[in-house]
1. Mind giving me the FRET efficiency for T304 and T194? R0 is 51 Å, r the Cβ-Cβ distance, nearest 0.05 is fine.
2. Could the peptides 158-165, 263-270 be put in order, highest first, of the mean number of other beta-carbon atoms found within 10 Å of their residues?
3. Grab the Cα-Cα distance for D356 and A71, subtract it from 0.36 nm times how many residues apart they are, and report the gain in nm with one decimal.
4. Treating the beta-carbon of each Lys and Arg as +1 and of each Asp and Glu as -1, no other charges, what is the dipole magnitude of the stretch 247-360 about its Cα centre, to the nearest 20 debye?
5. What is the stretch 225-330's relative contact order, in percent, from Cα pairs under 8 angstrom and six or more apart in sequence?
6. Along the charge dipole of the chain, Cβ charges K/R +1 and D/E -1, which of T149, L175, V193 sits furthest on the positive end?
7. If packing is taken as the average count of other Cβ atoms within 10 Å, what order do 44-50, 348-354 fall into, highest mean first?
8. With a ≥ b ≥ c taken as the square roots of the eigenvalues of the C-alpha gyration tensor of the stretch 22-179, please select rounded if a/c is under 1.5 and otherwise prolate if a/b is larger than b/c or oblate if it is not?
Amino acid sequence: MEQSTVASAEPAGARGTGMRAAILTAFGEPLVVEEVRPEPLGPSDVLVHVDASGVCHSDVTVWNGGSGMPAPMVLGHEGSGTVLATGSDVSRVRVGDRVIASFVPACGNCYYCLHDQSNLCERGFDFMAKHTSTRADGTPLRGMAGLGTFADEMIVDQTALVKVQTDLPSEQLALIGCGVTTGVGAALNTARVTPGATVAVIGCGGVGQSVLQGARIAGASRIFAIDPVELKRKTAEQLGATDLIDPSQGDPVEQVRALTEGRGVDFSFEVIGLPATIVQAFEIARRGGTATVVGWARSDATVTFPAAMLMGGEKTVHGCIYGSAQVRRDFPRLVQLVETGRLDIGAMVSRRIKLDEVNDAFRAMEAGEVIRSVIV
């Protein structure tokens with residue numbers, strides 16, 4: 001199929017039909033679902049039909065004002081879709097391609113991309129600030145993380161899209177766009193869990209379930225799933241956890257130590273983003289162990305560690321953004337892991353919802369009723 005250009009394929013909104021999107025208008029207030037008008041495509045822009053979008057806890061962090069991102073904006077950053085139109089300079093994708101959206105672009109030219117750290121691409125903030133649609137009252141809108149997957153369609157830069165060739169359901173591909181890549185990558189790329197290692201995962205939502213699957217794929221001998229919600233512990237057991245820890249029944253640090261001869265684990269992961277649980281991850285890691293912080297904390301949060309344990313315990317604390325992933329390499333790898341049955345994404349999809357139900361998806365997430373709700 002020939003590549004489209006701006007002249008031959010205008011956004012739906014430019015033809016007068018518009019598109020619907022879930023808009024953050026004020027922090028902590030329900031999202032407003034309304035029709036918006038997409039902006040004309042720039043040379044490197046791609047118009048994507050959003051086939052599926054996961055509802056991630058990071059969306060809640062932005063919604064409640066904890067990220068520092070300004071309103072108004074179209075929320076959503078975990079999605080998959082089909083290319084509808086492309087700008088004149090687009091070369092990475094073509095009309096009709098199935099794509100997974102990356103909430104961090106991979107420009108391929110900046111310092112970090114050239115040093116195998118495209119998850120830290122310098123151009124991310126440029127795309128996040130770009131206005132891609134307009135409300136009926138003329139208010140310009142940006143998409144969360146340069147995307148905005150809580151919509152029928154979205155305009156994104158080509159560097160934020162990865163083409164995939166697979167028959168997997170769109171709802172599963174969407175989760176690769178954030179939670180699966182972040183979690184599996186945290187285990188395989190950031191911490192580099194070793195065969196036979198012991199692992200603890202604090203927080204077993206969508207990203208946490210992916211961390212423990214990454215640890216299982218890496219060959220961990222024992223995986224502790226720590227979460228107060230029974231649904232999440234049971235799902236963790238289904239996906240490879242060997243030990244289930246309910247923190248409401250006592251200090252999880254002491255519970256894990258009691259099961260590891262007082263030492264703690266080789267690798268711990270914090271997947272909530274709270275100072276208290278980050279400290280727990282540090283304490284659960286054994287002497288010489290590694291604690292990896294995956295959860296997105298509020299921009300004003302701080303953490304205090306016992307300084308003596310950093311030196312005397314010879315512990316390592318890792319930060320982790322996007323699972324240290326190189327998306328153009330890792331998205332297809334994750335697709336293959338799912339296709340061969342080594343990675344189970346389907347079990348993480350708790351609910352399939354419509355765009356109008358997005359506010360209830362936030363409620364269900366905070367109530368611990370779901371692993372992931374997916375807008376389809």
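The values are calculated or read from the model by the stated rules, or taken from the named source; none is laboratory data. Nothing here was measured: the structure is a model prediction, and the numbers come from that model. Don't worry about glycine lacking a Cβ; one is built from the backbone with ideal geometry, like all the others, and counts go over all protein chains shown. The area values use the complete protein model at the heavy-atom level, side chains included, leaving out ligands, DNA and RNA. Shrake-Rupley method; radii C 1.70, N 1.55, O 1.52, S 1.80 Å.
1. Details: r = 29 Å, r/R0 = 0.57.
Step by step, r from the Cβ atoms, then E = 0.95.
2. Working: 158-165: 21.1, 263-270: 27.0.
Most protected by this proxy first, the peptides run 263-270, 158-165.
3. On the way: separation 285, 0.36 × 285 = 102.60 nm, distance 1.96 nm.
Result for the pair: 100.6 nm of gain on full extension.
4. Values: 13 positive and 14 negative charges, 76 e Å.
The calculation lands at about 360 debye.
5. It comes to 19 percent, rounded to a whole number.
6. The residue sitting farthest along the positive end of the dipole is V193.
7. So the order, starting with the most tightly packed, is 44-50, 348-354.
8. Numbers: a/c = 1.37, a/b = 1.29, b/c = 1.06.
Judged from the Cα gyration tensor, the stretch 22-179 comes out rounded (a/c under 1.5).
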